[in-house]
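Heads up: the structure comes next, in structure tokens.
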Amino acid sequence: MSDASFAGALGAPGRGKGKSPVSFFEFWPGWLFYAPVVVYWVLKSLRYGSVTLPSLANPRIAAGGICGESKNEILNLAGPEARQWIANFVGLTTSGHRGGNDLALARNAMAETGLSYPVVAKPDMSCNGVGVRVVHNDAELADYLAAFPRATALQLQALIPYEGEAGIFYIRRPGEAQGRITSVTLKYAPIVTGDGKRSVRELIAADTRLNAVSALLLSKIGAKANTIPAPGERVRLVFVGNHCRGSTFKDGLDIVTPALTARIDEIMHDMPDVYFSRIDLRYDTLDALRDGRDFKIIEFNGSGSEATNIWDPAMTLGRAYTTQFFHYGESFQIGAEIRRRLGLKPVGLLKLAALWWHQKRLMAAYPAND
């Protein structure tokens with residue numbers, strides 16, 4: 001199946017004639033793109049009397065998920081209904097010194113949880129896919145663990161075979177019987193299909209979108225760029241579904257149906273006190289996802305979540321900021337309601353800064369991601 005026909009099977013929108021393969025702001029420096037978001041956050045902080053109020057939007061998650069949250073702790077909030085929709089996982093912590101029994105510990109944890117290779121190894125505290133790697137055997141897992149920081153938590157999770165990837169943003173205010181899906185991002189990994197003649201590098205150059213992000217891809221795949229895939233062989237260039245690593249994001253809000261909303265709402269009602277979250281998942285087909293079936297959740301993100309549909313190449317800058325302001329505005333409103341109802345206090349600014357710094361230091365020490 002060609003890339004185009006495969007994308008069509010998943011329901012990817014076409015790139016229409018004359019459409020740019022990237023939005024003009026997709027690769028702006030972070031400080032430039034997020035400057036208006038920071039201003040908006042400051043204005044909301046003045047209105048509500050707290051710069052960290054969104055930390056209350058998910059009161060059982062550390063700092064509400066603004067930063068420094070534990071992936072394992074969030075998934076462990078799930079009750080029996082939510083758990084059946086979550087990809088099987090196990091958390092563990094590396095030993096305090098090199099040469100410890102990390103591999104044996106990991107293998108025992110996998111056996112107790114019913115995990116088998118391949119699995120996705122990922123840091124317990126991270127973002128943007130940093131440190132995420134697929135491991136296929138003991139040797140690869142041992143290499144990953146040896147490169148991982150000491151006495152640091154990580155997660156091993158089943159590799160879900162579904163090709164489709166999506167991020168679904170869910171919001172429910174305290175006291176509301178039903179939440180709502182406010183954003184859907186359909187993610188398409190960078191893939192080339194061999195013809196037995198051209199190298200991976202040449203296949204990248206022949207694809208408008210992949211050529212536009214070729215600097216990102218070629219720096220990552222190394223010698224693979226010069227290999228010549230067999231006719232019909234599909235080569236996935238990166239594993240992590242992140243637009244800044246070469247994936248294409250498409251706005252998918254039009255796939256939302258009552259059935260999908262009901263399913264996500266059912267799951268989130270079994271995630272205690274999680275009101276504001278982007279749910280990252282893998283799905284079989286878009287028809288199945290619309291029906292609320294045949295998908296597995298990889299992780300739940302908290303108050304630091306971004307509605308990633310803003311990175312659709314067709315997105316306008318105005319719509320991107322409107323989307324950002326709406327979602328972060330909701331996180332302040334939910335935090336304010338929980339403060340009013342329960343009398344809870346948001347995390348202190350110094351503690352939040354310490355969490356951010358701790359996460360930043362860990363991310364710099366993680367193994368390279370796929």
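With a bin width of 5 angstrom, please list the P(r) values of region 231-320 as percents of all Cα-Cα pairs, from the 0 bin to the one holding the largest distance.
3, 11, 17, 23, 22, 15, 7, 2, 1, 0, 0
Taking the Cα centre of region 88-159 as the origin, how large is its charge dipole in debye, to the nearest 20, when only Lys and Arg (+1) and Asp and Glu (-1) carry charge on their Cβ atoms?
My answer is approximately 140 debye.
Work through the residues other than ARG245 whose Cβ is under 14 Å from its Cβ and net out their charges, Lys, Arg +1 and Asp, Glu -1.
Values: positive: ARG133, LYS187, ARG209, LYS220, ARG236; negative: GLU26, GLU165, ASP370.
Every neighbour counted, the sum reads +2.
Over 24 Å between Cα atoms: which of LYS224/LYS360; LYS122/LYS187; LYS44/LYS351; LYS122/LYS220; LYS197/LYS250; LYS220/LYS360 fall into that group? It would help to have the intermediate numbers written out before the result.
Details: LYS224/LYS360 30 Å; LYS122/LYS187 19 Å; LYS44/LYS351 20 Å; LYS122/LYS220 18 Å; LYS197/LYS250 31 Å; LYS220/LYS360 21 Å.
Flagged as over cut-off: LYS224/LYS360; LYS197/LYS250.
Over the Cα atoms of the chain, Rg to Rh with Kirkwood Rh, two decimal places?
Details: Rg = 20.7 Å, Rh = 21.7 Å.
Taking Rg over the Kirkwood Rh, I get 0.96.
Can you pull a Stokes-Einstein diffusion coefficient for region 70-176 at 10 °C (1.306 mPa s), Rh from Kirkwood over Cα pairs, as a whole number of µm²/s? The partial results should precede the final answer.
Numbers: Rh = 15.0 Å.
Calculated translational D: 106 µm²/s.
With a cut-off of at most 12 other beta carbons within 10 Å, and DSSP calling the residue loop, which trypsin sites (Lys or Arg not before Pro) in region 90-175 qualify? Please list them. Intermediate results must be reported in sequence, preceding the final value.
Working: sites: ARG98, ARG107, ARG133, ARG150, ARG172; in loops: ARG98, ARG150, ARG172.
Loop-located and lightly packed - ARG98.
No value in this document is a laboratory result; all are computed from the given coordinates. Quick caveat, the model's predicted, so the values are computed rather than measured. Reconstructed Cβ throughout: ideal geometry from the backbone, glycine too, with neighbour counts over all protein chains shown.
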